[in-house]
Structure formats: C-alpha cells, structure tokens
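Read through the structure below, which is laid out as structure tokens, and then see the notes.
The values are calculated or read from the model by the stated rules, or taken from the named source; none is laboratory data. Small disclaimer: the values here were computed from a predicted structure and weren't measured. Cβ placement follows ideal geometry from the backbone for every residue including glycine, while neighbour counts extend to all protein chains displayed. The area values use the complete protein model at the heavy-atom level, side chains included, leaving out ligands, DNA and RNA. Shrake-Rupley method; radii C 1.70, N 1.55, O 1.52, S 1.80 Å.
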Amino acid sequence: MRALLFGGIPARGWTLLLGSALALLLLPLVASDYLLTVLILIFYFAFVGQAWNIMTGFAGQLSLGHALYVGLGAYAASALYVHFGIGPWIGMLAAVVLSALVGAALGFLAFRFGVGGVYFAILTIAFAEFARIGFDHLSWVGGSSGLFLPVAQFSRNELWHLRGHPLMFYYLMLALAALALIVCRGLLRSRLGFYWQAIREDEPAARALGIDTFRCKMIAVVISAAMTSVGGVVFAFYYNNLFPEQVFSIARSIEIILGPFIGGVGTLIGPIAGAFLITGVSEGLIELLTGVGLAVPGAKQVFYGICLLAVIVLMPNGVWPPLAAALGLKRGKPRR
Amino acid sequence: MSSIHIRINRRRFLQGASAAVVSAGSLGRAFAQGAALKVGVLLPRSGYQAGIGQDCQRGVDLATGLLKELGYPNLQIVNGDTESNVDTARAQAEKLIGEGAQLLVGAFDSGQSSAIAQVAEQKGVPFVINIAAAPPITEQGYKFVFRNFPTAPMILGDAFANQKEIFEAAGTAPKTAVMMHANDTFGTAMQQGIGAVMPKFNMPYKIVETIAYDPTARDLSVEVTKAKAAGAELLVMVSRLNDAILITRELVKQRWTPQGIFSMGPGWYEDQYLKTLGKLADGPISFAPWYDPNKKVAKMLEAALAKKYPGINLNTNHVYTFEALLVAADAYKRTGSNDPKTLAEAIRTTNITDNVSPGPGISFNAKGQNDKLKDSAFQNRGGKCVVVAPKEAANAKAEFPMKPYNQRA
Amino acid sequence: MPLDIYLNVIVSGVLTGLVYGLMALGLSVIFGVIRVVNFAHGEMMAVAMYIAVVLFSSFGLDPLLMMVPIAIVLFAFGYLLQARLINLFIDRPEHTQFMLLVAVAIIIVNTLLMIFGPDAQSVQTSYAYDSFQVGPLIVDATKAYAGIAAVAVSAALFAFFRFAPIGQAIRACADNHTGALVVGLNVNRLYALTFGIGAACVGAAGAMIVLFIDVTPALGPAYTLLAFVIVITGGLGSMPGALLGGVLIGVTEAVAGLLFSPSAKSMFSFALLVLVLLFRPQGLLGTAQR
C-alpha cells in the first residue's frame, strides 16, 4: 500500500511536493483574507477536478454534467442539516451514498446500452439538467427560492458542524485536495488504474484481453460521483445558500472541467496545476483590465476564452506535461 | 448668466461654511484624518444581471452630487463586480474589505447579498443592502447587516392594500384572477407569500389558476394560451423585463386583454418595456418598492437624473441604491468616524425623514430591517409611470379596467 | 380544456418546431459528417440573430429577406472555422474537440456581450403583432412565415444533398470516411464545406427565429443543447429526422407545458432524450450505425 501510494516518486518530485505543501500550510500567516478566499476556491476546483479526472481522464468516459454530483451532495447534506439538525460529516455519508447511486444508475443505463463517447457526454448533461429543473420544483429543499443554511457567529470554529472562520475551510480544503491527490495516485497505479487506461485507449481490445469493462467503468463513475459529492457538501456549508439554477448549471460543470483540462486530463497533477492557473489567470485578468481601464462587462471572459483556446491549440496535453518535463521530473506517466 | 454666477457663489459659500464649522470642531467630532469614508459598492456589473447592475450604478452616480447638496460628507466609492455569481460576490467582498472599505453596499441579488452578508458579519463591517427581497437575510441574527428594502411578504401586503384602494376608486373589482410567475427565487417567493398573505386582506377576487414558467424561456405562447384559457378577468404577474415584453406581445397576438395586469415585481415598468412596446405598454399597474413623488428629496433625485441621464425614468434601482448610500453618509455624518463598528451602531439608530422612498422614513428594527417601508402602485402611461396608490404618495388616478390592445392605434 | 386550445398550442408547437428543426439540421449535417460536437452551435445562431437585428434597426431590412445574405456570412464563418481551426483537431480525442468549441463559444458569447450589452434585442417588424384567425385557431403570423421559410430552406438542402455532386460527395464522407479518401475526395475541403453549410442553416434559422424570439448574448447554450436533443432524437445522419425531431420536441414541450407545469416542460425533452439514447440510440429515423 505504501509503495502504491508513495513509491516511485523521484527525489525532485518529493522536494517540490513537500515544499509546496509547507508553503501552503504556512501561507495563512502572511496572506490576506482575500487571498485565502481565492485559494479555498482553487483547492475546491483542484479537488473536484481530481474527482472528475477519475472518470474522464483515467477511464475515458467524458462527463459534462458533473455539477450533478456537486449539487446532490450539497443538497443532501444541507437538507439533513436544515430539517433534522444532522451534522455535515454524517450528512456527507448520505450525500456520498446518494451520488454513488445516481452515478451508478447513470453508468448502468449508459454502459448496458452501449452509450459511449459523445452520446454519453450528452447523457450526463441531460441528467444534470433534469436535476436542475427537478430541484427547482422540489419545495422540501426550497425549490427555486433556494435553501438557506442557518449561519452562526464566527467566534468559534466548529469543525463538527463546519461552521467557522474561512481559515478552517482553508485547511479543510487543502487537506481534501491533498487526500484526493493521494487517492488518485493510488488508484492510477493500481491494477484497476491500468485496466482503466486500457479501456480508455481501446475498449474493444481491453475487452478482448478479458477485462470486465462494464465493472471497471461502473467503479470509475461511482468513485468519481462519490468524491465529487464530498466537495459539494463542503461547498454548501461554506456558502450557506443553494439555488438549483446555480448549483446544477452547465456553467458549473464546465468550470469543473476547465482545471483538469488546462492542466492535463488524465495526469495526476494536471487538475491541481490547472486550478491554480485558471484562478490565477482569472484574478490576474481582473486586475489587468481594471488597470488598463477596459473593465467592460464581458472583456475578461473574452480574454479567458482566448487563453483557453491558446492552451488547447498549443498544448493539447495540458500545461503540466511540458511543465513537468521542464522541471526535470521524469515520470512514467501514461501519454496520450 | 448672472444668476448662475450667484448660484455658484452661494453653493461655494455653503460648502466653505460647513467646512469651516467642521474644522472648528464645534460639533465636537473630528472627521478621521480628513479621509472620506470608503464605501465598497458591490453590484452585478457583468453576467446575466449586468443590465440591472448598471442601472443601480446610476443611483450611485447621482448620489455623489446629491448627497453633497444635501449637506452630507463625501464618500469615497470603490466599485466591485459580483459578476452575477455567488463565489465572486464573496471574494470581491473580502477583497474590498481587505483594501480598506469600511462599509459595503449591494448587491441586488438575494443569493449574492447573502454571501456578502456573511463576510461582512464576520469581519465586523456594516453592509447596507440596497435591493434583495428574500426574508432569510435579516433572520440570521446578524449585527452588521442592514436592509432598506422590503421583504417579499411586505411587498405583497402593501400590494393588496393598494389594490383595494384602486378598486374602490374605480368603483369596480374583478372576481377571478389568473397568476403567472417566473419560476425563480423571487417569483416563487412571491407566489408562496401570496398564499400566506392574501387571505388576511379579504380581496374581492380569487386566483383560479397559477402558472409557473421557466424564466429563461424565450417563447411563452403556451403559457399565455393556458392563462387565457383560465377565463379569468385579472392577470397577476411576477416576472422580469424580458418575460414582461414577451407576454405582452403574446397577449396582443392571441387577442386577449385582461381587465387589468397587476405586476408584483420588476419588468412591466422598466424603460426598455415602455420603449419597446410604445402604446401597447400602457395599462399595467406595478406594485413594487418605488419612490414617493411628493417628497422633496425624490424631486431632487428626479431632477438630477433627468440632467445626467436624460430619457431615463427614475426607478427602484436608482432610488434604493441612492438610499443605501444615504444611510451610509448619514451614519458617517452623525458619528464623524469611519470605524466600522461605530458606524454599525450608528446605522442602527438611523432616522432619516428627508428621503425618497414612501413611508415615514429610513429606520431599522432590531433585525436590521426597515419594516416601515411602504410600497406603491404605479401605472404605465404615455411612456412614463404615474403613482396611483397609496393616496399619501400618489400623483394620479388609476385607469381600471385598462384599454383593450386592439383599440390602441 | 377545450379542444381548440390544444389545437392552437399544437400548431404553434409545430411551427416553432420546424424552425428548431432547421437549426438542428445544421448540427445534424456537421455532427453526422465530421463527427465534431459543435458546442458553439447555439452561439452561431445568436450571431446570426444579432446580424438580423442590426440590419433591421439600421436599414429597416426584414430578416426574412436578409435570410440569404446572413446565411452566406455564417457559411463563410463556418468554413473558415473548420478549415483553419477544427481540421487540426479531427484526430484528437473527443474531449479536446469539445473544449475547443467551448472556448470558441465563450469568446463569441462575451464578444456579443461587449458589443451589444446584456439586454434583450428584438426585431419589431410591421407584422410582429399580427395573427391569422382560422375558425377557433389563432396562428401567430411571424411563426407562420418562419415555419414556411424553414420548410423551404430544408427542402433546398435535401435537394442539394440528393442531387448536387458535392452534396453526394459529402454524404459519401459521412457514410464511409476511408472509402471517400480511397476514391480521392478532398476530405478536408469537404469537411470545411460541410461546416459552412451547417453554419448557413443555423444562420437562416437565426434570421427566422429572431422574428418571434428576442436575442441576448446568453441565448446560445440553451439552443445548443436543444439542437443536440433534437438531432439525437430525430436521428443522426437523417435530415428528415432532424426536422421530425424538431417538430416532436416543439409539440412535446408545448403540450407538456399545457398539461403540466410550464416551468418543468424542459424535463420532458430531456426524458425523451434519455429514452431515445437508451432504447433507440440511432434516433427515430436514423440508420443503425456505429
């Protein structure tokens, strides 16, 4: 297990990893609250990006409706908290189970009937939209008026109820992102991980080799869904209000995949690097445009789109592989 | 020419005099370091609410000049963009506070205002909400959040009271109504509220059917067909601008003019509606937070608006954004301090009677809500809005029933 | 509810559905031949709609008359997009192609926002408020004209793919990529042409739809999704299928809105989509392949 999770990392890799971990741990001492808020967002996207990566990057099943699992997790835990006073850590169990079930249903329907590729992607969008409209009409969770979580004073940090200062959320999200990284590494290097990559590269061939592709794909979807919903739970307790229009929207699904996409789909560090890059560019653009006086609505997003286009055209495998090479980290990672 | 000369001189004299009084410290308060109060204004300047955010900004632009005229101290306004989304709203609130904002104003949307409220409460910075109707925001026990805008139940209660006034003046009342509302935060809140509030008012009409529609729908023909099929006399609406235009067009095309269109929310009175539909825009009565056209400061605001943005009618966005800044300036003037905590304490004891919105004035209850606000009823007429109720804040008589669409040239 | 209410709603649904069908036709052509998920489809229609709005407000030109010029502009845009950008990505993994078009969509939507602002813009022709009354039936004039135009353009397109040599060549590419290469067809050029034609369809549809639907910069994504739902339901590679799918979705949504809560009517389209994907993935009129 230790070898699986921690073995095979070059010395340079260890230095970089531990160095950045230390830096991030100590950052709150010097950072402003604003920076912390930005970082919390980055860690959140890194986390759900990793979760998404399992399904799409490792197993090759393109999901464009991942906001579905975020929303399910968020609503499940919040509803339990608002209606029954059940704490979020227990609510998280319910969230995970719900998401896993929905993911399994989606996967079952798709894979049993041979729906793959683009059709699968559209199926995921349909499910997310279905959930969005459905929750809009579900008055038990507030419907379209939204679900508001009761907010307490912030003098004390209550980790059990996830009520507290942003600093608490900072370390929580950092821990989650780190955990996701470790879990993903373990999965990727395990036998299951290799099966996934085989399926991704050439499914008929994998089947011919005797791999139970249906089972492997299902596991990927379920793990991905479950992990994503954990992110949803924290999201809910951080923002304290949920609206189906915002939580389940396609825009959110796209936000989730931007990070891994820019960083490198199917790579381990990709989602993390991507999350940092995207938020960094986003905030940087705001500063730049305000400075130049071009803060016209929409200008930032246009530049954003252009940057995205540039990365896609020039660095199709994402930013991380060339960056890793430049940093001298020789990793035996699967190449596309 | 000479009169202008005199005016400038007088104004300069007044400014100079007040400055002299202030610096003499005769009021016993010193304005901290001569630096103006830094107010962060958070509005959706991009994203799907951008149009409204830009309209609210006009209220901000007018405030600077008007507040000075009214004798309030200068405010240093810093603008923030919530991008119509909750994450950004929160982050920008943090950012503005980090950059030294001592008071926040915003943010039009209930979800975004809620997020900002949490940040403000946590940092101990007063947050004056300009527009947001969701009740929960002032039910959280916050000490730093203030709202000078009615909640959905308040809007409803006043709406019914005003409607009864209109029926009485017209001498006729409808017996049946069909309600259409957008299935979004505001629309659903209003629809649920109606169920709770309406019975208390003994209204002459019954709502025979309620139709909820998707607010992003671009084609509302089916919904209007359904409404027409209900055979009701009155059409009650909760919608936004685009839906209002779409629905009116469908009403014309499907050849149905209800006795009246009562809108409890935005859209039907907005400039874009009036401009796009021309003569077909007349008739609908909106029951919403508005301004009291008879108040002195309201007239001043109207005049300032006409001067700076000719062709734009004064509306809710301008009024309440202006009033939020008025609250800030007033607290600053009374305390002379720009310490957030002191300001929050001061805002709690606000009592401004020289304001723009209807009602006795601006004051806040223990929850930080101005529960004395009154909402008005105003009707579209000839490209403008005239206030038809309540009597104390009105300047015209309602036209009810309204003129059928096919009889307008 | 009396029968004539249903009749009115169904007729309205059919007419609207025909225009949706034309838009989806463009996607069917693109998706069916090039196998690229054009996530910027709805955005291209928004561009066409804005062009119509500008032409109308500046020169008073009726969108229906401007349909052909607008289609030509969109054709050029689509051709260039495919030839210069998307062709590079043909052999790349699906999600890369998809993100490419997402990036294009983001750029288009926000450029439109910068130029035109967020408020809805409409085209108020002289007949914008007209309706025809045929017995108990009240038909919206703009929808009637748009529906007729949609049928006309679709017919022209069918004829093109059936009888014109280039049209046949494109169909050959779709049916058998390798075979087409073997026979010596310039596949890249044909792909560019196809995308152009698909874009032209969208352009024409946009010119029609702007008569009864107001355009905002954010309009695109909803229509992209709608186009996909229609294409998949009606059947990939089948042009009558796209029109049929459009009409089907138009009527389903209309009737569902009438019978149930209108705000939930999109759920029915998605439910239909899921059912089709599961039980008849080639769509109603599609040929079973892949």
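Could you tell me which residue of the range C:224-238 is modelled with the highest pLDDT, considering only residues that are open to solvent by 10 Å² or more (accessible area, probe 1.4 Å) and either within 11 Å of the chain's Cα centre (by Cα) or not small (Gly, Ala, Ser) (or both)? Please lay out each step first, then the result.
The initial filter retains those residues of the range C:224-238 that are open to solvent by 10 Å² or more (accessible area, probe 1.4 Å), namely C:225-226, C:236-238.
The next check asks that each one be either within 11 Å of the chain's Cα centre (by Cα) or not small (Gly, Ala, Ser) (or both); those that pass are C:225-226, C:236.
On the way: C:Leu225: 84, C:Leu226: 87, C:Leu236: 73.
Residue satisfying both the conditions and the ranking: C:Leu226.
Do we have A:Phe303 as within 14 Å of chain B (Cβ to nearest Cβ), assigned to a helix (DSSP H, G or I), closer than 24 Å to C:Asn110 by Cα and open to solvent by 50 Å² or more (accessible area, probe 1.4 Å) here? Talk me through it step by step, then tell me what you get.
Working: within 14 Å of chain B (Cβ to nearest Cβ): yes; assigned to a helix (DSSP H, G or I): yes; closer than 24 Å to C:Asn110 by Cα: yes; open to solvent by 50 Å² or more (accessible area, probe 1.4 Å): yes.
Judged against the criteria, A:Phe303 is a match.
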The range B:94-111: number of residues that are modelled with pLDDT of 90 or more and more than 9 Å from chain A (Cβ to nearest Cβ): 9
Residue satisfying all of: in the range B:347-382; out of contact with any Ser or Thr (no Cβ under 9 Å at 6 or more places or on another chain) and closer than 21 Å to B:Val125 by Cα; least open to solvent (accessible area, probe 1.4 Å) among these: B:Ile347
Single match in B:Ser357, B:Ser363 (criterion: of a type in the set (S, T, N, Q) and more than 30 Å from B:Gln259 (Cβ to Cβ)): B:Ser363
The one condition in (1) buried (at least 21 other Cβ atoms within 10 Å of the Cβ); (2) in a helix (DSSP H, G or I) that A:Thr290 fails to fulfil: (1)
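How many of the residues making up the range B:128-168 are in contact with a helix residue (DSSP H, G or I) (Cβ under 8 Å, 6 or more places away or on another chain) and not in a helix (DSSP H, G or I)? Spell out how you get there, then give the answer.
Filtering the range B:128-168 down to residues in contact with a helix residue (DSSP H, G or I) (Cβ under 8 Å, 6 or more places away or on another chain) leaves B:128-137, B:140, B:142-153, B:155-157, B:160-161, B:164-165.
Filter once more, keeping what is not in a helix (DSSP H, G or I): B:128-134, B:140, B:142-151.
Qualifying residue count for the region: 18.
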The range C:254-289 - residue that is more than 16 Å from C:Val29 (Cα to Cα) and in contact with a Pro (Cβ under 9 Å, 6 or more places away or on another chain) and, of those, nearest to the other protein chains (Cβ to nearest Cβ): C:Ser263
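Mind telling me which of the residues C:Ala149, C:Ala174, C:Ala156 ends up being on the phi < 0 side of the Ramachandran plot, modelled with pLDDT under 90 and among the small types (Gly, Ala, Ser)? Show your work before the answer.
Details: C:Ala149 fails: modelled with pLDDT under 90; C:Ala156 fails: modelled with pLDDT under 90.
One residue alone meets the criteria, C:Ala174.
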Cβ-Cβ under 7 Å pairs, at least 6 apart or on other chains, the range A:306-317 side more than 7 Å from chain C (Cβ to nearest Cβ) and under 15 Å from C:Ala105 (Cβ atoms), far side open to solvent by 50 Å² or more (accessible area, probe 1.4 Å) and β-branched (Val, Ile, Thr): A:Cys307/A:Val281
Residue list for the range C:16-73, restricted to those being assigned to a loop (DSSP other than H, G, I, E, B) and under 30 Å from A:Ala121 (Cα atoms): C:Arg35, C:Val36, C:Val37, C:Asn38, C:Phe39, C:Ala40
Candidates B:Thr64, B:Thr88, filtered to the one that is open to solvent by 40 Å² or more (accessible area, probe 1.4 Å) and either at positive phi or more than 14 Å from chain C (Cβ to nearest Cβ) (or both): B:Thr64
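Got at least one residue in the range B:177-195 being over 24 Å from the mean Cα position of the chain (by Cα), farther than 20 Å from C:Ala256 by Cα and either in contact (Cβ under 8 Å) with a residue 40 or more places away in the chain or part of a loop (DSSP other than H, G, I, E, B) (or both)? I'd like the intermediate steps shown before the answer.
Residues of the range B:177-195 over 24 Å from the mean Cα position of the chain (by Cα): B:177-178.
Going one step further and asking which of them are farther than 20 Å from C:Ala256 by Cα, we end up with B:177.
Those left that are additionally either in contact (Cβ under 8 Å) with a residue 40 or more places away in the chain or part of a loop (DSSP other than H, G, I, E, B) (or both): B:177.
Taking every residue of the range B:177-195 in turn, at least one turns out to be over 24 Å from the mean Cα position of the chain (by Cα), farther than 20 Å from C:Ala256 by Cα and either in contact (Cβ under 8 Å) with a residue 40 or more places away in the chain or part of a loop (DSSP other than H, G, I, E, B) (or both).
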Test: residue in the range A:205-227 that is closer than 20 Å to A:Trp160 by Cα and not small (Gly, Ala, Ser): yes
Those residues of the range C:62-117 which are over 28 Å from C:Met208 (Cβ atoms), touching a residue at least 40 places away in the same chain (Cβ under 8 Å) and polar (S, T, N, Q), in sequence order: C:Asn87, C:Gln97
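Does at least one position in the range C:133-155 carry a residue that is in contact with a Cys (Cβ under 9 Å, 6 or more places away or on another chain), more than 8 Å from every other protein chain (Cβ to nearest Cβ) and either open to solvent by 30 Å² or more (accessible area, probe 1.4 Å) or touching a residue at least 12 places away in the same chain (Cβ under 8 Å) (or both)? Give the derivation first.
Our first condition is that a residue be in contact with a Cys (Cβ under 9 Å, 6 or more places away or on another chain); within the range C:133-155, this holds for C:153-154.
Going one step further and asking which of them are more than 8 Å from every other protein chain (Cβ to nearest Cβ), we end up with C:153-154.
Cutting the leftovers down to either open to solvent by 30 Å² or more (accessible area, probe 1.4 Å) or touching a residue at least 12 places away in the same chain (Cβ under 8 Å) (or both) gives us C:153-154.
Within the range C:133-155 (the criterion being in contact with a Cys (Cβ under 9 Å, 6 or more places away or on another chain), more than 8 Å from every other protein chain (Cβ to nearest Cβ) and either open to solvent by 30 Å² or more (accessible area, probe 1.4 Å) or touching a residue at least 12 places away in the same chain (Cβ under 8 Å) (or both)), the answer is yes, since at least one residue qualifies.
Residues that are within 17 Å of A:Val265 (Cβ to Cβ): which helices (runs of 4 or more DSSP H) entirely in the range A:161-228 hold 2 or more of them?
On the way: elements: A:166-189, A:191-201, A:203-208.
Passing ranges, in order: A:166-189, A:191-201.
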Residue match in the range A:34-50 (condition: touching a helix residue (DSSP H, G or I) at 6+ places or on another chain (Cβ under 6 Å), loosely packed, with under 15 Cβ neighbours inside 10 Å and modelled with pLDDT under 90): no
Sole residue being within 10 Å of chain A (Cβ to nearest Cβ), surrounded by 22 or more Cβ atoms within 10 Å (Cβ to Cβ) and either of a type in the set (Val, Ile, Thr) or under 16 Å from B:Val319 (Cα atoms) (or both), chosen from B:Gly53, B:Gly59: B:Gly53
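Quickly run through the range B:196-211 and pick out the residues that are in a strand (DSSP E or B) and either more than 13 Å from every other protein chain (Cβ to nearest Cβ) or in contact (Cβ under 8 Å) with a residue 40 or more places away in the chain (or both).
In the first step, residues of the range B:196-211 are kept if they are in a strand (DSSP E or B); the result is B:206-211.
Once the filter is applied, which keeps residues that are in a strand (DSSP E or B) and either more than 13 Å from every other protein chain (Cβ to nearest Cβ) or in contact (Cβ under 8 Å) with a residue 40 or more places away in the chain (or both), the range B:196-211 yields B:Lys206, B:Ile207, B:Val208.
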Elements of type helices (runs of 4 or more DSSP H) in the range C:195-290, at least 2 residues being touching a Cys at 6+ places or on another chain (Cβ under 8 Å): none
Residue among C:Val109, C:Val53, C:Val47 that is β-branched (Val, Ile, Thr), touching a Pro at 6+ places or on another chain (Cβ under 6 Å) and farther than 30 Å from A:Asp202 by Cα: C:Val109
Enumeration of residues in the range B:65-92 that are closer than 16 Å to B:Ser110 by Cβ and aliphatic (A, V, I, L, M): B:Val86, B:Ala89
Exclusive hit being open to solvent by less than 30 Å² (accessible area, probe 1.4 Å) and within 14 Å of chain A (Cβ to nearest Cβ), set C:Gln97, C:Gln82: C:Gln97
Test result for C:Val19, farther than 30 Å from B:Gln254 by Cα and crowded, with 20+ Cβ neighbours inside 10 Å: no
Subset of the range B:212-245 that is facing chain C (nearest Cβ under 7 Å) and of a type in the set (D, E, K, R) - its residue that is nearest to B:Gly187 (Cα to Cα): B:Asp214
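If we keep just the residues of the range C:123-132 that are more than 8 Å from every other protein chain (Cβ to nearest Cβ) and surrounded by fewer than 18 Cβ atoms within 10 Å (Cβ to Cβ), which is farthest from C:Gly60 (Cα to Cα)? Give the derivation first.
Going through the range C:123-132, the residues more than 8 Å from every other protein chain (Cβ to nearest Cβ) turn out to be C:123, C:125-127, C:132.
Now drop any that are not surrounded by fewer than 18 Cβ atoms within 10 Å (Cβ to Cβ), which leaves C:126-127, C:132.
Values: C:Ser126: 10, C:Tyr127: 13, C:Phe132: 24 Å.
Step by step, filter the range C:123-132, then rank; the result is C:Phe132.
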Filtered residues of the range A:225-248 (kept if more than 10 Å from chain B (Cβ to nearest Cβ) and open to solvent by 10 Å² or more (accessible area, probe 1.4 Å)): A:Ala226, A:Met227, A:Val230
